[in-house]
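One structure is given below, encoded as structure tokens.
The values are calculated or read from the model by the stated rules, or taken from the named source; none is laboratory data. Since the structure is predicted, the reported quantities are computational estimates derived from the model, not experimental observations. Glycine also receives a Cβ, built like all others from the backbone with ideal geometry; neighbour counts cover every protein chain displayed. Accessible surface is based on the protein model in full, side chains and every heavy atom, while ligands, DNA and RNA are left aside. Shrake-Rupley method; radii C 1.70, N 1.55, O 1.52, S 1.80 Å.
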Amino acid sequence: MPPPPRSRPIHTPLGPPPQGPPPSPAILAAMGEDGVARMLSDFYAQLEQSEIRALFPDDLQAAANRSACFFIQVLGGRPLYSQRYGPPRMRQKHEPFEIDAAARATWLAAFDRVLERAPAAYAFPPEQLPGFRAFLQSFSGWMVNAV
Ligand code: HEM
């Protein structure tokens, strides 16, 4: 059987998935799971005010919790995301949402507003900010699926 037709063309970025190093486990060591969860709640509060709000489900706190599980796992902590939701497969999970370069820029800008106050708000180690920003830059490029 042929696959069902897609409702829109899916743009695939040139090049392989992100190959960069994962962000440092020192971030989770300093912030704890609770700090990561609070950071993601604040990030989703930023998304709520942003132009890409409509992409997200009504229940933003539930979405923030899923993302917190993912980030705890990526930061070398407990594999909470995989345990609760299965393999991350992030590009595939983002495919239903039309994410173009502008949506990516908005998403990154919202995260940046949270990161600016993250050392004071959640004990994010300031020396780890460049590496974490580089991770978000690289990973978010791979989530773009529309031109
Ligand atoms: C490029 C800009 C991005 C946009 C516009 C975007 C948008 C979205 C949307 C609309 C959802 C579905 C809402 C939900 O049900 O949770 C989602 C889920 C998620 N996103 Fe993104 N995303 C982007 C980049 C990223 C990046 C870079 C990461 C991680 C580094 C990420 C991690 C996640 C996670 C963990 C979920 C939850 C998946 C699940 O439902 O299990 N996203 N994102």
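General remarks:
- Qualifying residue in region 51-70 (condition: surrounded by fewer than 16 Cβ atoms within 10 Å (Cβ to Cβ) and away from the ligand (no atom under 12 Å from the Cβ)): no
- Taken over region 109-126, the criterion of being within 14 Å of Ile52 (Cα to Cα) and surrounded by fewer than 16 Cβ atoms within 10 Å (Cβ to Cβ) is satisfied by Ala109 alone.
- Only residues that are aliphatic (A, V, I, L, M) and more than 23 Å from Ser24 (Cα to Cα) were counted across region 57-93, and they come to 3.
- Within region 80-100, the set of residues being open to solvent by 60 Å² or more (accessible area, probe 1.4 Å) and either of a type in the set (Phe, Trp, Tyr) or not in a helix (DSSP H, G or I) (or both) comprises Tyr85, Pro87, Arg89, Pro96, Phe97, Glu98.
- Every condition in (1) within 12 Å of the ligand (Cβ to nearest atom); (2) in contact (Cβ under 8 Å) with a residue 12 or more places away in the chain; (3) not basic (Lys, Arg) is met by Ser82 except one, and the failing one is (2).
- Residue within region 112-119 that is over 18 Å from Ala64 (Cβ atoms), modelled with pLDDT of 95 or more and either in contact with an Asp or Glu (Cβ under 9 Å, 6 or more places away or on another chain) or aliphatic (A, V, I, L, M) (or both) present: no
- Within region 50-70, the residues that satisfy the criterion of being of a type in the set (S, T, N, Q) and without any contact (Cβ under 8 Å) to a residue 60 or more places away in the chain are Gln61, Asn65, Ser67.
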